[in-house]
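Heads up: the structure comes next, in structure tokens.
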Amino acid sequence: MAKNNAPVNAESRWDGRLLPLIGIVLLQLLIFGVCAFVGVLLVCWNIVGVGGSWMEDLQNPVTILLVLAGCAVFGLGIAWPCMIYTKWDTKQIVVSNRRFKFVGTTWAFFWHCVLWTILTIITCGIYGLWVPVKVKQWVVKNTVAAPVEEETEETEEETEAEESEETKEEAAPAKNYMAPIIIFNEYEDESELQM
């Protein structure tokens with residue numbers, strides 16, 4: 001029989017709310033829209049602007065640079081919104097009193113996407129079947145866990161309580177030093193009563 005090693009009072013939850021999610025989605029759409037528009041503009045700028053055939057235009061180095069820049073901006077328009085959502089989503093996860101944090105960067109994800117795209121093109125689309133797995137592996141590899149912030153507040157309260165207990169223990173010997181004087185005073189009073 002398998003044993004469950006999770007703490008008894010471990011709490012797992014997702015703290016996300018609807019309004020921030022709507023804001024994240026709108027931000028993603030805005031970024032993607034702007035980057036897609038700029039990317040298409042860069043790709044089509046020389047091809048549409050020059051009256052020759054598209055093969056002649058692609059031989060022009062400026063056109064090649066604009067096409068590459070347009071593809072890069074379009075790719076960034078996909079990678080950046082993905083990272084915004086991933087960071088927000090990961091920040092909302094709490095498992096066993098540990099909050100997760102995504103530490104990956106947009107540029108690192110962008111360059112991985114470029115590599116995965118090149119591999120997919122080279123393998124005639126076969127590598128594309130592994131891309132979702134590679135994305136998930138990369139996201140998990142760049143996710144770290146930290147104690148929940150509420151626990152740090154509790155730890156500070158516990159530390160203050162321990163410090164006050166230490167102060168009481170330090171004050172306790174002072175009471176012990178006073179004890180013989182009090183006892184002596186009690187005996188002194190009793191001796192007076194007996195006489």
Computed FRET value (nearest 0.05) for Val34 with Phe100, which takes r as the C-beta separation and R₀ as 22 Å: 0.15
For Arg13 paired with Gln137, estimate the spin-label separation in nm (one decimal), with each label point 7 Å from Cα along the Cα-to-Cβ line. 3.5 nm
Hz values of 3J(HN,Hα) by residue in the stretch 117-130 - Karplus curve (6.51, -1.76, 1.60), Gly and Pro given as x: 5, 4, 5, 5, 5, 4, 8, 6, x, 5, 5, x, 5, 8
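If Lys and Arg each add +1 and Asp and Glu each add -1, what is the summed charge of the other residues whose beta carbon sits under 11 Å from the beta carbon of Gly104?
Numbers: positive: Lys87, Lys101, Lys141; negative: none.
That sum, taken over residues with Cβ under 11 Å, equals +3.
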By counting other Cβ atoms within 10 Å of each Cβ, how are Ile22, Ile84, Ile64 ranked from fewest to most? Ile22, Ile64, Ile84
Can you work out the base-10 log of I(q)/I(0) for the stretch 70-114 at q = 0.24, 0.26 1/Å, using the Debye formula on its C-alpha atoms alone? -0.78, -0.86
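Please compute the length gained on full extension between Cys44 and Leu27, using 0.36 nm multiplied by the number of residues separating them and subtracting their Cα-Cα distance.
Numbers: separation 17, 0.36 × 17 = 6.12 nm, distance 2.57 nm.
Taking 0.36 nm per residue and subtracting the Cα distance, the gain is 3.6 nm.
Any read-out appearing in this document is the output of simple, stated calculations on the displayed coordinates, not a laboratory observation. Given the structure is predicted, the values throughout are model-derived calculations rather than measurements. Here the Cβ is made from the backbone with ideal geometry for all residues, glycine too, and neighbour counts use every protein chain on show.
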